[in-house]
1. State all residues of the range 41-87 that are more than 21 Å from residue 20 (Cβ to Cβ) and touching a residue at least 40 places away in the same chain (Cβ under 8 Å); if no residue qualifies, say none.
2. Can you tell me how many residues within the range 61-80 are open to solvent by 80 Å² or more (accessible area, probe 1.4 Å) and either at pLDDT 90 or above or touching a strand residue (DSSP E or B) at 6+ places or on another chain (Cβ under 9 Å) (or both)?
3. What's the number of the only condition in (1) open to solvent by less than 60 Å² (accessible area, probe 1.4 Å); (2) modelled with pLDDT under 80; (3) touching a helix residue (DSSP H, G or I) at 6+ places or on another chain (Cβ under 6 Å) that residue 8 fails to meet?
4. Restricted to the range 114-127, and to residues that are open to solvent by less than 100 Å² (accessible area, probe 1.4 Å) and free of Cβ contacts under 8 Å to residues at least 60 places away in the same chain, which residue is farthest from residue 47 (Cα to Cα)?
5. If a residue must be open to solvent by 60 Å² or more (accessible area, probe 1.4 Å) and either touching a Leu at 6+ places or on another chain (Cβ under 8 Å) or not aliphatic (A, V, I, L, M) (or both), how many such residues does the range 84-97 contain?
6. Do the conditions hold for residue 100, that is, is it open to solvent by 100 Å² or more (accessible area, probe 1.4 Å) and closer than 30 Å to residue 47 by Cβ?
7. Run down 42, 49, 20 and say which single residue is at pLDDT below 85 and under 23 Å from residue 113 (Cα atoms).
8. Limited to the range 44-60, what total is found for residues that are open to solvent by 60 Å² or more (accessible area, probe 1.4 Å) and either over 23 Å from residue 108 (Cβ atoms) or aliphatic (A, V, I, L, M) (or both)?
Amino acid sequence: LGLLYGLESFIPIPSLPLIKALFITFVATWFLLRWKNILLDKLKNSHDKSFIRGARFFLTLCILLLGALVVLDILNIPIAALLTFGGIGGIALSFAAKDFLSNLFGTIMINLNGHISEGDFIRSTSK
């Protein structure tokens, strides 16, 4: 970044603010991903492995999606239509996959209770 400031004083670069904004967004996204890994590594001993794995995937997805939306906004690509389509698509997907979502939330609740962990055998009396 300092090199870009130095070049700006000798050679005027019209897209320098764009490059700076993209660089800052990249660094902020990278920082959040590293911070997430450090935080989840500290929680590794106190929580179940499957919970940590799921939290790592979910947080990584959220951070990368947020970074991508910021990059699209910096590049002046309208994201309102994309967010609207995502919201409508999410509603349609939730109606189509309600059984999957109910099983997913049930699994999350079982993992959060801590009674069952990965590798346990479960017997059911129903057939």
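1. 48, 49, 50, 51, 54
2. Residues in the range 61-80 being open to solvent by 80 Å² or more (accessible area, probe 1.4 Å) and either at pLDDT 90 or above or touching a strand residue (DSSP E or B) at 6+ places or on another chain (Cβ under 9 Å) (or both): 4 in total.
3. It fails just one condition, (1).
4. Start the filter on the range 114-127 by keeping residues that are open to solvent by less than 100 Å² (accessible area, probe 1.4 Å), which leaves 114, 116-117, 119-120, 124, 126.
From what is left, the residues that are free of Cβ contacts under 8 Å to residues at least 60 places away in the same chain are 116, 119-120, 124, 126.
Values: 116: 12, 119: 15, 120: 16, 124: 26, 126: 30 Å.
Filtering the range 114-127 for residues that are open to solvent by less than 100 Å² (accessible area, probe 1.4 Å) and free of Cβ contacts under 8 Å to residues at least 60 places away in the same chain, the one farthest from residue 47 (Cα to Cα) comes out as 126.
5. Residues meeting the conditions: 3.
6. Working: open to solvent by 100 Å² or more (accessible area, probe 1.4 Å): yes; closer than 30 Å to residue 47 by Cβ: yes.
Taking the combined requirement at face value, the residue satisfies it.
7. Every option except 49 fails the conditions.
8. Step one: list which residues in the range 44-60 are open to solvent by 60 Å² or more (accessible area, probe 1.4 Å), which gives 44-47, 49, 51, 53, 56-59.
Now drop any that are not either over 23 Å from residue 108 (Cβ atoms) or aliphatic (A, V, I, L, M) (or both), which leaves 59.
So the answer is 1.
The values are calculated or read from the model by the stated rules, or taken from the named source; none is laboratory data. Source: prediction; values computed, not measured. Cβ: placed from backbone, ideal geometry, glycine included. Neighbour counts: every protein chain shown. Side chains included, ligands, DNA and RNA excluded: accessible areas come from the protein's heavy atoms. Shrake-Rupley method; radii C 1.70, N 1.55, O 1.52, S 1.80 Å.
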